[in-house]
Amino acid sequence: MERTYLMVKPDGVQRNLIGDIVSRFEKKGFQLVGAKLMNVSKATAEEHYAEHKERPFFGELVDFITSGPVFAMVWQGENVIATARQMMGATNPKDALPGTIRGDFGVTVGKNIIHGSDSPESAQREIGIFFKEEELTEYSKSMNDWIY
Ligand code: RTP
Ligand code: MG
């Protein structure tokens, strides 16, 4: 079963949006296999966002993601990586459609509420950065009969 790394960013946590965001993915039919509220260290933030190291906003991005607790999650389901990205909406909330998380709750690109892995390779890498194998759980197969 495909897995992705999703993270409610510090703005989403401070605005009490964890419940709404978790609820959207639950209702969709995806399964939460790991979750924790945590502070991100500067080193972890730099590793997570390594692909943006040369971008002008890198410093701000690292400062922001380390500025308060995040809610780190691993979700699983068929096509969960791409579908979660659709449910999140465009990176810049001004382009994100109503009905998406960023479209419903965000205004600026710097505070866009949620992160989601953008490929299977990113998902595997990011899950490994934020979770130990023993922090992730398994479900019984029968639960899936109602969704698939
Ligand atoms: P994310 O990684 O957070 O899920 O977002 P994304 O894939 O949609 O966007 P990405 O290109 O990976 O950018 C990572 C985050 O950097 C911030 N950003 N700021 N100031 C800017 O122009 C700018 N561009 C990107 C956003 O918070 C974005 O989510
Ligand atoms: Mg990204």
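The values are calculated or read from the model by the stated rules, or taken from the named source; none is laboratory data. Note that the structure is a prediction, hence the values are computed from the model and not measured. Quick reminder, even Gly has a Cβ in these numbers, built from the backbone with ideal geometry, and neighbours come from all protein chains shown. Note: accessible area is taken over every heavy atom of the protein model, side chains too, but ligands, DNA and RNA are not part of it. Shrake-Rupley method; radii C 1.70, N 1.55, O 1.52, S 1.80 Å.
Structure notes:
- Residue in the stretch 27-47 that is surrounded by fewer than 16 Cβ atoms within 10 Å (Cβ to Cβ), assigned to a loop (DSSP other than H, G, I, E, B) and near ligand 1 (Cβ under 10 Å from one of its atoms) present: no
- For the stretch 68-86, the criterion of being within 24 Å of Arg24 (Cβ to Cβ), free of Cβ contacts under 8 Å to residues at least 40 places away in the same chain, more than 11 Å from ligand 1 (Cβ to nearest atom) and not aliphatic (A, V, I, L, M) is met by at least one residue.
- Residue tally, condition at pLDDT below 95 and in contact with a helix residue (DSSP H, G or I) (Cβ under 6 Å, 6 or more places away or on another chain), over the stretch 93-140: 0
- Filtered residues of the stretch 99-123 (kept if part of a helix (DSSP H, G or I), without any contact (Cβ under 8 Å) to a residue 24 or more places away in the chain and either loosely packed, with under 13 Cβ neighbours inside 10 Å or more than 13 Å from ligand 2 (Cβ to nearest atom) (or both)): Gly103, Asp104, Glu121
- For beta carbons closer than 7 Å, sequence separation of 6+ or different chains, a first residue in the stretch 1-27 that is farther than 19 Å from Val80 by Cα and β-branched (Val, Ile, Thr) and a second that is at pLDDT below 95 and open to solvent by 20 Å² or more (accessible area, probe 1.4 Å), there are no qualifying pairs.
- Scoring Ser67 on the criteria (1) in contact with a helix residue (DSSP H, G or I) (Cβ under 8 Å, 6 or more places away or on another chain); (2) open to solvent by less than 50 Å² (accessible area, probe 1.4 Å); (3) more than 16 Å from ligand 2 (Cβ to nearest atom); (4) of a type outside the set (D, E, K, R) leaves a single failure, condition (2).
- Among the residues making up the stretch 87-98, those that are within 8 Å of ligand 1 (Cβ to nearest atom), under 20 Å from Thr4 (Cβ atoms) and open to solvent by 10 Å² or more (accessible area, probe 1.4 Å) are Ala90, Thr91.
- Of the residues making up the stretch 1-19, those that are of a type in the set (D, E, K, R) and closer than 16 Å to Gly116 by Cα are Glu2, Arg3, Lys9, Asp11.
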